[in-house]
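Working notes for the structure below.
Just so you know, all these numbers are worked out from the coordinates, no wet-lab data involved. This is a predicted model, so every value here is computed, not measured. Here the Cβ positions follow ideal geometry from the backbone for every residue, glycine too, while neighbour counts run over all protein chains shown.
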Amino acid sequence: MSKTLVQPVGQKRLTNVAIVRLKKHGMRFEIACYKNKVLSWRSGVEKDLDEVLQSHTVYSNVSKGILAKSKELNEAFKTTDQSVICKEILEKGELQVAGKERESQLSSQFRDIATIVMQKTINPETQRPYTISMIERLMHEIHFAIDPHSSSKKQALEVIKELQEHFPIKRAPMRLRLIVPERHLSTLMEKLGGWNSNVVLKDASGGMPTVVCEIDPGHFRDCDALVRGFQGKLEILAVSVFLEGDTNVYQQYDNTKDAQPSSVQETESLVELREKIMSNNISTDNKSDEEQVKQNKCSTCETIVGDVKQYREHFKSDWHKHNLRRRTKELPPLSAEECLAEMELNEVNVDRKDYSF
């Protein structure tokens with residue numbers, strides 16, 4: 001007698017699909033879609049319904065293969081046309097995703113929001129944008145919660161408002177070119193002064209005076225309406241204006257008291273640290289006032305560093321990085337010799353743990 005495997009054929013089970021669920025009139029309806037196609041349909045990228053739906057069938061439970069009854073469909077949707085009902089569920093229903101997929105989507109959206117915040121904001125002291133890693137850390141500190149149903153740009157503007165309440169950050173100004181009739185030039189300049197705008201260029205030589213200014217994005221709509229009322233013209237030269245030039249970006253860690261410096265991993269050996277300290281010839285002794293004016297001071301290590309090149313090298317040294325980590329723990333800074341001794345002691349302790357039985 002041959003043994004055969006008997007499988008039920010009365011149910012059509014669908015696995016590895018994206019399920020869109022809609023609850024209506026106390027009943028649950030589901031449709032089976034291809035993965036990564038639902039969002040494309042809702043954003044308007046995908047137009048073909050057959051590329052989105054695995055079948056034009058409405059289910060009560062897709063995973064178990066239970067079809068929805070015609071009586072329930074007619075009661076909830078006033079029709080039994082499966083394609084029409086599938087479109088409504090596709091537009092109004094809730095996409096069911098697994099835990100890992102949801103975590104991946106939230107992580108990606110969190111990164112997008114942080115990128116938009118970085119592009120639209122600057123440090124008011126340095127007039128330069130923060131790094132993406134610092135923006136993400138500040139967002140974690142204010143415990144920002146992502147809304148997956150809201151756009152990233154809208155949430156980025158909300159993040160900027162919350163960050164301004166706790167950290168030194170502001171919107172990057174927009175650079176505009178305003179062309180208005182000469183009779184309205186004085187009124188325009190008064191408005192720009194009231195908005196605390198920075199006038200970069202003012203040319204009144206032609207028949208239509210031209211003004212190039214940097215304005216806060218919050219006043220853009222008012223400025224646009226004002227120029228339109230003057231029968232003028234507005235051009236956007238730059239959405240975000242940052243300070244240009246070669247300056248030391250590490251100064252923001254020392255000058256900013258509210259934001260804590262980020263932790264930096266040790267990337268150099270103790271031998272390289274000793275050689276770098278000797279080569280930089282960093283002096284911790286008290287010097288005359290005239291020499292201190294020409295040199296730079298690191299407020300993190302509380303020491304006087306040499307010229308600009310040595311000043312930059314100092315910020316890359318393990319001595320400065322070690323004091324940064326101590327600063328986050330509200331500990332006083334160490335000198336170069338004390339730092340070297342403490343790091344050697346930590347290395348010895350680590351070796352003891354590795355070889356302890």
Loop only per DSSP, at most 13 neighbouring Cβ atoms within 10 Å: give me the GluC sites (Glu not before Pro) in region 306-345, ordered by residue number. 330
Pairs beyond 31 Å (Cα-Cα), from 170/316; 24/100; 161/309: 161/309
Expected sort for 298-304, 29-35 on mean C-beta neighbours within 10 Å, highest first, is 29-35, 298-304
Length released on extending from residue 200 to residue 338, taking residue separation times 0.36 nm less the Cα-Cα span: 44.7 nm
Mind checking region 46-84 for trypsin sites (Lys or Arg not before Pro) that DSSP puts in a loop (not H, G, I, E or B) and that have at most 11 other Cβ atoms within 10 Å? 47, 64, 78
Give me, ordered by chain and number, the residues 5 or more places off residue 65 or on other chains with an amide H under 5 Å from its own placed amide H. 14
